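The values are calculated or read from the model by the stated rules, or taken from the named source; none is laboratory data. Here the structure is a predicted model, which means the values were calculated and not measured. Counting neighbours? That spans all protein chains shown, and the Cβs are built from the backbone with ideal geometry, glycine included. Ligands, DNA and RNA are excluded from the accessible area calculation, which covers all protein heavy atoms including side chains. Shrake-Rupley method; radii C 1.70, N 1.55, O 1.52, S 1.80 Å.
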Amino acid sequence: MNKLTMAVIGLGHMGRHMIHRLLPQFADKIELFAVCDSDESSMQREVTEAGIRPQLYTDYRQLMDEVSLDLVYIAVPPSLHYDVARIAFEKGIHVFCEKPLANSLTEARSLVELAEKANVLHAVHFSLPLDPSVLKIQRLLEEQAIGGIQRMDLYLEFPQWPRAWQQNPWITSRQQGGYLLEVGIHWIQMIQQVFGPITHVKSEVEFPTDSHQSESLVQAVLQLDSGIEIHLSGTDRREGEERVSLVVHGEEGTLALENWRNLYRSGKDADPQPVPVDDVVSPLPILKQIIQILNGESGIIYDFYDGYNAQVILEALRKPGEGFTDVRPQLMGDKR
């Protein structure tokens with residue numbers, strides 16, 4: 001079996017994670033053929049530290065013109081996702097893109113159409129629905145461990161934004177950044193996969209006086225197709241450590257996924273107890289699933305339809321209307 005050839009475009013946090021942590025796990029199946037970043041000295045340093053020798057580019061257009069690729073991983077800022085993916089589709093290259101899918105709903109919808117026209121694999125790097133803790137939640141809900149779901153609470157609360165390890169020029173911008181787009185989109189997409197479509201959104205958002213800065217405070221209600229409500233609390237002014245969590249309230253107790261991976265269960269009159277997840281086999285990482293699909297095997301990915309539908313909800317949150325906004329007319333079904 002020939003190795004798949006791949007390029008990584010963008011060496012921010014996720015691009016570095018790809019070349020240092022993920023790709024070495026699959027060195028027998030995929031070859032990192034090229035890397036692109038606008039900061040040439042930083043790029044050279046990263047590939048040296050990773051002990052690899054890909055071709056280096058500072059222009060992604062030149063890279064895709066000169067290199068024959070099976071797959072491109074897009075890890076540039078959101079404002080560039082559309083152009084990089086568009087060129088890849090024009091050249092028949094499979095695309096693995098970071099979230100959010102694009103920088104607007106118009107761009108995101110166009111990318112879905114371009115992906116389908118190109119007839120290539122298109123995946124967004126959503127992994128939360130396949131995390132062992134989330135798979136465990138699904139199992140417990142199927143077993144009626146807390147009875148019927150009554151409501152949910154989603155917490156996106158930070159003592160500061162951006163976080164200390166997350167410094168870059170766009171992460172605080174209203175156009176591309178903020179914790180709703182950067183963090184909230186993972187949870188919105190997971191909720192859509194696990195609990196069903198979000199059909200209505202009502203929100204109140206407080207922005208700084210600087211029109212270029214991202215949201216500070218968010219209070220919102222998301223309504224599922226089933227009628228269940230998710231109450232969202234977001235802030236960059238939390239006292240103490242950040243809290244990024246989903247609490248599911250049922251008739252007979254609660255399930256709480258605290259800070260991404262710590263799962264707790266409580267009964268009506270009992271304190272929360274940790275729930276072990278070591279009995280759950282996860283198909284992660286997503287890159288493994290992509291490799292399987294490209295080699296003709298079965299695999300699980302979240303495609304550009306999923307990326308678009310998650311972005312519909314995030315844009316409704318960021319641009320409040322009067323009362324609930326019905327987002328159903330904007331959602332797209334998977335046409336494949």
(Q) For the structure I just gave you, tell me whether Val120 is in contact with a strand residue (DSSP E or B) (Cβ under 7 Å, 6 or more places away or on another chain), over 28 Å from Phe195 (Cα atoms) and assigned to a loop (DSSP other than H, G, I, E, B). (A) yes
field: Flag if Ala316 is part of a helix (DSSP H, G or I) and farther than 25 Å from Met14 by Cβ
entry: yes
Within segment 217-237, restricting to residues that are buried (at least 17 other Cβ atoms within 10 Å of the Cβ) and outside any strand (DSSP E or B), the one that is nearest to the chain's Cα centre (by Cα) is Asp236
Would segment 144-154 turn up any residue that is open to solvent by 30 Å² or more (accessible area, probe 1.4 Å), under 25 Å from Ile30 (Cβ atoms) and among the basic types (Lys, Arg)? no
Checking Ile137, Ile146 in turn, the sole residue that is closer than 30 Å to Ser266 by Cα, assigned to a loop (DSSP other than H, G, I, E, B) and in contact with a Leu (Cβ under 9 Å, 6 or more places away or on another chain) turns out to be Ile146
Filter segment 280-324 for residues that are among the β-branched types (Val, Ile, Thr) and touching a Phe, Trp or Tyr at 6+ places or on another chain (Cβ under 7 Å); the one that is nearest to Ser203 (Cα to Cα) is Ile290
Q) part of a helix (DSSP H, G or I) and either under 26 Å from Gly184 (Cα atoms) or not polar (S, T, N, Q) (or both), is that true of Leu263? A) no
The condition of being of a type in the set (Asp, Glu) and in contact with a strand residue (DSSP E or B) (Cβ under 8 Å, 6 or more places away or on another chain) holds, among Asp153, Asp131, only for Asp153
Taking segment 1-28 and keeping only residues that are open to solvent by 80 Å² or more (accessible area, probe 1.4 Å), in a helix (DSSP H, G or I) and under 25 Å from Arg61 (Cβ atoms), one is left with His13, Arg16
Within segment 88-110, residues within 16 Å of the chain's Cα centre (by Cα) and hydrophobic (A, V, I, L, M, F, W, C) come out as Val95, Phe96, Cys97, Leu101, Ala102, Leu105, Ala108
For segment 77-93, pairs from a residue that is within 12 Å of Ala108 (Cβ to Cβ) and without any contact (Cβ under 8 Å) to a residue 60 or more places away in the chain to a residue that is crowded, with 18+ Cβ neighbours inside 10 Å and among the acidic types (Asp, Glu), with Cβ under 6 Å and 6 or more apart or across chains, are Tyr82/Glu107
The residue that is surrounded by the fewest Cβ atoms within 10 Å (Cβ to Cβ), considering only those in segment 240-266 that are within 24 Å of Pro159 (Cα to Cα) and free of Cβ contacts under 8 Å to residues at least 24 places away in the same chain, is Asn259
Note on Leu181: of the conditions (1) among the hydrophobic types (A, V, I, L, M, F, W, C); (2) part of a strand (DSSP E or B); (3) within 22 Å of Pro320 (Cα to Cα), unmet is (2)
Selection from segment 171-193 of residues surrounded by fewer than 23 Cβ atoms within 10 Å (Cβ to Cβ) and among the hydroxyl-bearing types (Ser, Thr, Tyr) yields Thr172, Ser173
Does any residue of segment 32-50 turn out to be open to solvent by less than 20 Å² (accessible area, probe 1.4 Å), of a type outside the set (Asp, Glu), part of a helix (DSSP H, G or I) and within 15 Å of Ile290 (Cβ to Cβ)? no
Pairs returned, first residue in segment 160-171 that is closer than 15 Å to Asp236 by Cα, second residue that is open to solvent by 80 Å² or more (accessible area, probe 1.4 Å) and among the basic types (Lys, Arg), beta-carbon separation under 9 angstrom, 6 or more apart or interchain, are Gln160/Arg237
Condition set among the polar types (S, T, N, Q) and farther than 20 Å from Glu182 by Cα, scope segment 282-317, selection surrounded by the fewest Cβ atoms within 10 Å (Cβ to Cβ): answer is Ser298
Conditions (1) surrounded by 15 or more Cβ atoms within 10 Å (Cβ to Cβ); (2) under 20 Å from the mean Cα position of the chain (by Cα); (3) at pLDDT 95 or above -> Gly196 fails only (1)
Point to revise | Any chance Ser68 is surrounded by fewer than 22 Cβ atoms within 10 Å (Cβ to Cβ), in a loop (DSSP other than H, G, I, E, B) and either of a type in the set (Asp, Glu) or touching a residue at least 60 places away in the same chain (Cβ under 8 Å) (or both) | key: yes
